[in-house]
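Novice: Here it is, the structure, as structure tokens.
Every number in this text was worked out from the coordinates using simple rules, so none of it is lab data. A quick note: this is a predicted structure, and the numbers were derived from the prediction, not measured. Neighbour counts are summed over all protein chains in view; Cβ atoms, including those assigned to glycine, are modelled from backbone coordinates with ideal geometry.
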Amino acid sequence: RSRRPTISAMLLTDVLDQDLQGSGARIVLLAVHVLGADVPEPLAGKPLKVRVKYGHPGSSTKCDTHKASAEPGGRLDFGTACCFLANRRMKQVVRLRLVRPGLFDRTVGKASLDITGSGQLASGLKRQKFSDEGFGIGWFNVHLEVHSLRKGDLRRLLQLLGARRQLGAFSLPLPVQGSCGEEAAEAEECDAVGNAVQGIAVSRGGVW
């Protein structure tokens, strides 16, 4: 007889669709806040989006931001949070892809954020350099958070903030955006930035 899946083995959309363990069950949520990007000159004025992938290659969950075009100076503002069901039982990585949408989406920049050796996400504000895919070097500005919420509270939160359902994940607009400073900043330096994205306290658990 097949075993019922546990919450940790499911996608966020599956967990919220089912009554597994009831609305009081706690869920560990990974929120990847995609603040924006600084893109090289060849991509200026082009419509772009960021695709966030979480999990093993080939079986990862993905979430796309909305499309945006670079302002003068190459700055892109996305202001999107991608929410995934966190799984700490296996090696994990968050992969970021800068995508030029079209009939066939084209990746024009990529970067990865690894899990620390202790199995915990290196949370905080990050300024992550992305690779040169033939267009030049650029930077992602992202903020990572991990939260534990009651399932019922998360459902209400997503509804309140107008979350958009994606394949296994949810995206929602960020209420507040932050900046990570100069282009030369290293990813580690961004952890100490004082104007990191602030949350919204909406659940009884005091989360977010």
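Novice: Under 14 Å from the Cβ of VAL28, count the other residues' Cβ atoms, weight Lys and Arg +1, Asp and Glu -1, and hand me the total.
Specialist: +3
Novice: How far is it, in nm, from the label point at LEU11 to the one at ASP114 when both lie 7 Å from their Cα along the line to the Cβ?
Specialist: 2.8 nm
Novice: Please list, or write none, the lysines whose alpha carbon is within less than 18 Å of the alpha carbon of LYS62, excluding same-chain residues fewer than 8 places away.
Specialist: By straight Cα distance, LYS62 reaches LYS49, LYS53, LYS91, LYS110.
Novice: In addition: Based on the alpha carbon coordinates of segment 38-113, what radius of gyration and maximum Cα-Cα distance (Dmax) apply, in Å?
Specialist: 13.5, 43
Novice: If you don't mind, there's one more thing I want to ask. What is the calculated FRET efficiency for ARG26 to GLU133, with r their C-beta to C-beta distance and R₀ = 25 Å, to the nearest 0.05?
Specialist: It comes to 0.05.
Novice: Using modelled amide H (1.01 Å from N, peptide plane; none on Pro or chain starts), what sits under 5 Å from the amide H of PHE78, excluding residues fewer than 5 places away?
Specialist: Excluding prolines and chain starts, which carry no amide H, the hits are GLY36, ALA37.
Novice: Going by C-beta contacts inside 10 Å, put LYS49, LYS129 in order with the fewest on the left.
Specialist: So the ranking, lowest neighbour count to highest, is LYS129, LYS49.
Novice: Still on this structure, please answer the following. Fewest first, what order do HIS66, HIS33, HIS143, HIS56 take by the number of other Cβ atoms within 10 Å?
Specialist: Lowest count first: HIS56, HIS66, HIS143, HIS33.
Novice: If I model a spin label as a point 7 Å beyond the Cα along the Cα-Cβ vector, how far apart are those points for HIS56 and ARG165 in nm?
Specialist: Each label point is offset 7 Å from its Cα along the Cβ direction, giving 2.7 nm.
Novice: Let me ask you something else. Round to the nearest 0.05 the FRET efficiency obtained for SER148 and HIS66 when R0 = 22 Å and r is the Cβ-Cβ distance.
Specialist: About 0.20, to the nearest 0.05.
Novice: Can you give the FRET efficiency for ASP77 and LYS46, using 1/(1 + (r/R0)^6), R0 = 22 Å, r = Cβ-Cβ distance, to the nearest 0.05?
Specialist: After rounding, the FRET efficiency stands at 0.90.
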